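The values are calculated or read from the model by the stated rules, or taken from the named source; none is laboratory data. What you are looking at is a predicted structure, and each value in this text was computed from that prediction instead of being measured. Here the Cβ positions follow ideal geometry from the backbone for every residue, glycine too, while neighbour counts run over all protein chains shown.
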Amino acid sequence: MSYTRDVGALARKDFLLELRARDTLPAMLIFVIATLVVFHFALPAGSSDLASNGLLWVAILFTALLGLGRSFVPEREGGVLDGLVLAPCDRSAIWLAKSLAVLAFLGLVELVALPAFAIFFSGIDGTTIAAVVLADLGICAVGTFLAAMASAGRARELLLPLLFLPLAIPIVVGGVGASVVTNGGRYLAFLALYDAVFAIICWASFEYVVTE
Amino acid sequence: MIRARQVEKRFGEKRVLRGLDFELSRGGFLLVTGANGSGKTTLLRLCAGLALPTAGELDVDTSREHVGFLGHEPLVYRELTALENLELYGRLYRVPERRERIGMLLERFGLWDARSDRVASYSRGMTQRLALCRALLHEPTLLVLDEPFTALDADAAELLDRELAERRDRATFVVATHDPARIEPLASARLALAA
Amino acid sequence: MSSPNSRLPALAALALGLVAAATALVFFFAPLDADQGLSQKIFYFHVPIALTAYACFGWGAWKALLHLWKREPSADLESYVAIHQGVIFGALTLLTGSIWARASWGVWWTWSSNQLVLFLVLFLFYCAYFMLRFSVDPGPQRANFSAVYALFGVALIPVSFLAIRLASDFIHPTVFTSAGPQMSGNMFFTFCVCLAAMLSLAATLNAVELSGKRLDARLRELREALA
């Protein structure tokens with residue numbers, strides 16, 4: 001299907017850009033490890049495992065924000081976004097490709113962060129990993145969408161966290177719930193619901209974000 | 001090909017275009033002139049499909065895959081090479097025989113030797129030439145060019161002259177320029193915008 | 001459709017009348033609650049204000065949809081004003097909720113009221129709406145962004161509600177039960193009048209702000225045209 005090919009071509013471009021610049025991925029990696037270390041000092045002695053579990057989600061969220069903040073910078077430089085909008089592809093492909101790229105980066109970072117968390121704090125079970133995967137989908141879908149809007153405005157580094165955090169609260173609830181509660185299935189279902197609802201909205205309305 | 005009826009474009013309270021009427025038939029060449037701030041760029045963006053009019057009607061009788069646009073910005077990724085940029089656009093526009101076409105264009109515009117260098121390292125003139133390659137890559141039938149001679153040295157400008165002349169019969173043109181004398185011979189219609 | 005300005009005095013009169021009636025009913029007609037006493041009366045304002053805020057956000061989202069779908073020229077402004085009203089009523093919801101919490105349980109804030117927590121999240125969300133508008137220059141792009149964001153908000157309301165319900169499992173046990181729908185006839189009547197009062201108040205403020213902004217825009221337009 002040509003839509004898939006367009007998404008592929010666009011995602012390829014995003015990976016190429018990161019390979020060339022090599023700044024976002026290392027920054028995210030260092031940031032997440034540094035955050036985990038900060039959390040160690042931020043948690044008073046005798047804090048439960050539950051508290052540190054909650055902090056894992058904070059770390060993921062803010063690391064993702066770091067990556068998302070830079071996601072549309074290449075498109076705003078040199079006005080390339082117009083070039084992509086002019087192309088015959090569906091505009092939502094631009095959003096989807098970028099989300100997939102951010103998802104890949106976030107996933108790579110988590111491949112390091114989750115084991116680090118397990119070493120620094122407490123173990124991670126299967127439900128937590130499933131929750132992380134589902135949460136990542138939501139974070140990348142919504143985050144990329146908002147990043148496209150924020151990058152068009154003036155105070156873009158300030159704006160993205162403001163726009164993103166309220167929308168991320170349900171993700172945190174789903175994630176923490178799944179990690180902490182013994183039978184976390186409900187929370188995984190909730191995360192899937194969140195992903196479905198917001199992915200559809202993002203997919204349908206990205207067109208309006210890039211045209212006037 | 002293009003029909004404008006009472007086209008108006010507003011940004012907030014600022015009205016950049018008002019009461020615009022014109023018609024451009026297929027194969028025509030519209031020369032758009034006007035001082036800075038008269039709305040040339042806005043009009044061209046409307047014709048290319050990057051924006052919609054606030055009021056009035058603008059019918060452009062062609063789909064996006066046949067439109068070639070050259071704006072004030074080059075619309076290329078600075079961190080990628082010329083080849084990579086054109087590869088991307090070639091894929092998105094489903095250009096047949098992509099590699100050959102890219103090679104031919106780069107060669108014609110004197111960028112073949114710099115094809116694997118990052119666009120960030122290019123001079124303004126080279127970037128403008130690359131932007132032209134990008135605009136022409138998919139053999140568009142509607143060419144919307146916003147001040148295409150900007151930053152081009154004498155040789156490159158001559159090159160562009162030849163390209164325009166060569167394509168004159170195969171495409172419809174909307175060209176905005178500060179230097180109408182150069183393109184005047186090609187024009188079939190003129191539109192002067194007042195600020 | 002008659003011009004909005006002609007309806008404004010009538011609307012304002014209606015709102016004033018309803019608010020006066022509602023206040024009278026709350027203090028003189030509605031029965032005194034056995035457990036909570038006088039402080040329970042805040043409920044008659046708190047819940048209608050909350051529902052009115054939801055209605056404003058919903059109206060704002062509807063106008064946003066009209067902007068994107070039908071490209072109605074006035075829809076962006078109407079959406080913005082509706083959401084502005086929603087934030088004002090939202091702030092009032094948090095305020096009255098806080099007063100109620102203080103009067104009933106002696107704390108200024110409680111996480112166990114799902115309603116209140118939901119409002120806090122929405123409040124933050126719609127505050128960011130204004131940040132978004134301020135950071136983009138006026139024009140079609142800003143209108144599109146605002147409209148899309150308003151639609152996100154409307155989707156966020158049920159999703160957040162669900163999230164907060166789920167969160168109460170592991171965050172705080174639900175400690176209290178608010179006055180549910182088992183209201184006596186007198187209570188229900190009072191409640192309905194209060195709801196009508198709040199809604200008409202919102203509609204009036206909405207109309208006032210809209211006409212003010214429209215006048216402002218017209219003035220600036222004329223200034224531009226003359227310049």
query = Considering only residues of region B:1-40 that are part of a loop (DSSP other than H, G, I, E, B) and buried (at least 17 other Cβ atoms within 10 Å of the Cβ), which is nearest to the other protein chains (Cβ to nearest Cβ)?
reply = B:E13
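Please go through region B:52-96 and pick out each residue that is β-branched (V, I, T) and within 24 Å of B:G19 (Cα to Cα). Quick ask: steps written out before the conclusion?
Going residue by residue through region B:52-96, those that are β-branched (V, I, T) are B:54, B:60, B:62, B:67, B:76, B:81, B:95.
Correct list: B:T54, B:V60, B:T62.
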request  = Please give the helices (runs of 4 or more DSSP H) falling wholly within region B:77-195 in which 1 or more residues are at pLDDT below 90 and of a type in the set (A, V, I, L, M).
outcome  = B:154-167, B:180-183
note = Considering residues that are assigned to a loop (DSSP other than H, G, I, E, B) and either touching a strand residue (DSSP E or B) at 6+ places or on another chain (Cβ under 8 Å) or at pLDDT 90 or above (or both), the number found within region C:92-135 is 0
message = Being more than 14 Å from the chain's Cα centre (by Cα), on the phi < 0 side of the Ramachandran plot, within 14 Å of chain B (Cβ to nearest Cβ) and in a helix (DSSP H, G or I) is the requirement here; does C:F152 meet it?
response = no
inquiry  = What are the pairs with Cβ atoms under 8 angstrom where one residue, in region A:10-28, is facing chain B (nearest Cβ under 10 Å) and the other, located anywhere, is of a type in the set (F, W, Y)? Sequence gap at least six, or different chains.
reply    = A:K13/B:Y77; A:L17/B:Y77; A:E18/A:F105
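Residues C:A163, C:A167: which one is of a type in the set (A, V, I, L, M, F, W, C), modelled with pLDDT under 80 and in contact with a Gly (Cβ under 9 Å, 6 or more places away or on another chain)? Full working, then the answer.
On the way: C:A163 fails: modelled with pLDDT under 80.
Result of the check over C:A163, C:A167: C:A167.
When you scan region B:68-112, how many residues do you find that are among the aromatic types (F, W, Y) and closer than 14 Å to A:L86 by Cβ?
Applying the first criterion (among the aromatic types (F, W, Y)) to region B:68-112 yields B:69, B:77, B:89, B:93, B:109, B:112.
With the extra rule that they be closer than 14 Å to A:L86 by Cβ, the set shrinks to B:69, B:89, B:93.
Adding up the residues that qualify gives 3.
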inquiry  = Can you say whether B:P53 is in a loop (DSSP other than H, G, I, E, B), within 14 Å of chain C (Cβ to nearest Cβ) and without any contact (Cβ under 8 Å) to a residue 60 or more places away in the chain, as far as the supplied structure shows?
reply    = yes
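Quick one: would you say B:R101 is more than 9 Å from every other protein chain (Cβ to nearest Cβ), buried (at least 18 other Cβ atoms within 10 Å of the Cβ) and farther than 30 Å from B:F22 by Cα? It would help to see each step written out before you state the result.
Details: more than 9 Å from every other protein chain (Cβ to nearest Cβ): yes; buried (at least 18 other Cβ atoms within 10 Å of the Cβ): yes; farther than 30 Å from B:F22 by Cα: yes.
Yes: the conditions hold for B:R101.
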Single unsatisfied condition, A:A196 versus (1) crowded, with 17+ Cβ neighbours inside 10 Å; (2) under 16 Å from C:F152 (Cβ atoms); (3) under 17 Å from the mean Cα position of the chain (by Cα) = (1)
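Specify which of the listed residues (B:L75, B:L43) is surrounded by 19 or more Cβ atoms within 10 Å (Cβ to Cβ), out of contact with any His (no Cβ under 9 Å at 6 or more places or on another chain) and within 11 Å of chain A (Cβ to nearest Cβ).
Numbers: B:L43 fails: within 11 Å of chain A (Cβ to nearest Cβ).
Only one candidate qualifies: B:L75.
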query = With respect to the numbered conditions (1) crowded, with 17+ Cβ neighbours inside 10 Å; (2) part of a helix (DSSP H, G or I); (3) away from chain A (no Cβ under 14 Å), which one is the sole condition not fulfilled by C:A20?
reply = (1)
inquiry  = It is to be established whether one or more residues within region B:73-87 are among the small types (G, A, S), closer than 28 Å to B:L31 by Cβ and out of contact with any Pro (no Cβ under 6 Å at 6 or more places or on another chain).
reply    = no
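Only helices (runs of 4 or more DSSP H) wholly contained in region A:31-106 count here; list those with 1 or more residues that are more than 23 Å from the chain's Cα centre (by Cα), under 21 Å from B:R78 (Cα atoms) and not hydroxyl-bearing (S, T, Y). If you could, list the steps in order and put the result at the bottom.
Details: elements: A:49-69, A:73-76, A:80-86.
Correct list: A:80-86.
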inquiry  = For region C:73-80, check the following and say yes or no: at least one residue is modelled with pLDDT under 90 and either at negative phi or surrounded by 24 or more Cβ atoms within 10 Å (Cβ to Cβ) (or both).
reply    = yes
